[in-house]
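One structure is given here, and the rest of the page talks about it.
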Amino acid sequence: MDSCPSTNKSQFFFGGLGLLISCGVLDCVQVLFMVVGHTKFGPDAVAQKIVTSFNRSDVFNHGQLLNLMRAYSTAGAYDGETLQTWKEATQQLFCPIAHIMSHRSFVLLADDGAVDLGEPPSHGADVPSFPDPGRLVEDAVLIRE
């Protein structure tokens, strides 16, 4: 994903993933963000086609916008009554994640009581110091569990 701090790298996004894990809907989530300065990829190319088509068209309502987008993607709409904003209520559940923009890869893992992360690895000076405290666990261990 792109590292957009207001959507993809927010306490609400990661809090929602945490809720899915804590409720047993998911066992594990791995979120990978593109490196800064990434080149254009599929979704960027589709978005550019939609923008170009939009700028050349008369679009006066949601239906016309959907028809324009359907040439390049699967597009749908929800009734306004269906969508709700939970941001204000969830601020009591989710706090900001310190230094979130410094990180590019996240793994959230549900502990069903059988998770064995083993002893933390002992590394020399090659391990970066992170501003946030926490146990260091290697990727391979998390993926295995």
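Pairs meeting the criteria (first residue in segment 120-145 and under 24 Å from Ala110 (Cα atoms) and surrounded by 11 or more Cβ atoms within 10 Å (Cβ to Cβ), second residue of a type in the set (Val, Ile, Thr) and at pLDDT 65 or above, beta carbons under 6 Å, at least 6 apart or on different chains) are Leu142/Val107; Glu145/Val115.
When Thr74 is tested against (1) of a type outside the set (A, V, I, L, M, F, W, C); (2) at pLDDT 85 or above; (3) surrounded by 10 or more Cβ atoms within 10 Å (Cβ to Cβ), only condition (3) is not met. Look through Val51, Val107 and report the one residue that is at pLDDT 85 or above and either within 24 Å of the chain's Cα centre (by Cα) or assigned to a loop (DSSP other than H, G, I, E, B) (or both). Result: Val51 is the single residue among Val51, Val107 that is at pLDDT 85 or above and either within 24 Å of the chain's Cα centre (by Cα) or assigned to a loop (DSSP other than H, G, I, E, B) (or both).
Taking first residues from segment 11-30 that are more than 11 Å from Val107 (Cα to Cα) and partners that are of a type in the set (Lys, Arg), the Cβ contacts under 9 Å between residues at least 6 apart in sequence or on separate chains come to Phe12/Lys87.
The values are calculated or read from the model by the stated rules, or taken from the named source; none is laboratory data. As the structure is a computational prediction, the values presented were derived from the model and not from experiment. Backbone-built Cβ (ideal geometry, glycine too); neighbour counts: all protein chains shown.
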